[in-house]
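Chemist: Can you keep this structure in mind? I'll have questions shortly.
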Amino acid sequence: MVDSTCTMRVRGRVQGVCYRAHAAAEARRLGLGGTVRNLPDGSVELVATGPREAVERLAEWCRRGPPAARVASVELQWHEAPTRFAAFSIVG
């Protein structure tokens, strides 16, 4: 199966609600590699690589987020060449 990479930008009340920790746990559960980080504008950015179906499942999870989050929008940017990650980690 060919891997896919997607950058996801999540906006809303997504900082200070353990969004990154929950997102990383979900990505690991799905067997994905990548990163998640807070951005200065209050959004969260995820880069996820793995089977496209699993990446799409993570995107669906991102639209809900953890219980304390209030997701306003999720923007997806698919990349032609997959990026390789050893694991899924929180980077900032």
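What follows draws every value from the coordinates through simple rules; no lab data is involved. On a predicted model such as this, the values are computed, not experimentally measured, just so you know. Reconstructed Cβ throughout: ideal geometry from the backbone, glycine too, with neighbour counts over all protein chains shown.
Chemist: Hey, what angle do you get for helix 52-64 against the long axis of the chain, alpha-carbon based, 0 to 90 degrees rounded to 10?
Modeler: 0
Chemist: Would you compute, from DSSP H runs of 4+ residues alone, the mean residue ellipticity of the chain at 222 nm, taking -39500 (n - 2.57) per run and dividing by the full residue count, rounded to the nearest 500? Walk me through the numbers on the way to the answer.
Modeler: Numbers: 2 runs with 24 residues, N = 92.
So the calculated ellipticity at 222 nm is -8000 deg cm²/dmol.
Chemist: Tell me, rounded to the nearest percent, the portion of alpha carbon pairs in the chain spaced more than 24 Å apart.
Modeler: Numbers: 429 of 4186 pairs.
Value for the chain: 10 percent of Cα pairs lie more than 24 Å apart.
Chemist: Another question, then. Let me spell out the model: positive unit charges on the Cβ of Lys and Arg, negative unit charges on the Cβ of Asp and Glu, origin at the Cα centre of the range 1-83. What dipole size does that give, in debye rounded to 20? Write out the running numbers ahead of the final one.
Modeler: Values: 12 positive and 9 negative charges, 82 e Å.
In debye, rounded to 20, the range 1-83 gives about 400.
Chemist: Need one number: nm distance between label points at Arg11 and Ala25, each 7 Å from Cα along Cα→Cβ, rounded to one decimal.
Modeler: In this crude spin-label approximation the distance works out to 2.8 nm.
Chemist: Could you give the length gained by full extension between Glu56 and Ala87, i.e. 0.36 nm per residue of separation minus their alpha carbon distance, to one decimal place? Please list the in-between numbers first.
Modeler: Details: separation 31, 0.36 × 31 = 11.16 nm, distance 1.76 nm.
That works out to 9.4 nm of additional length.
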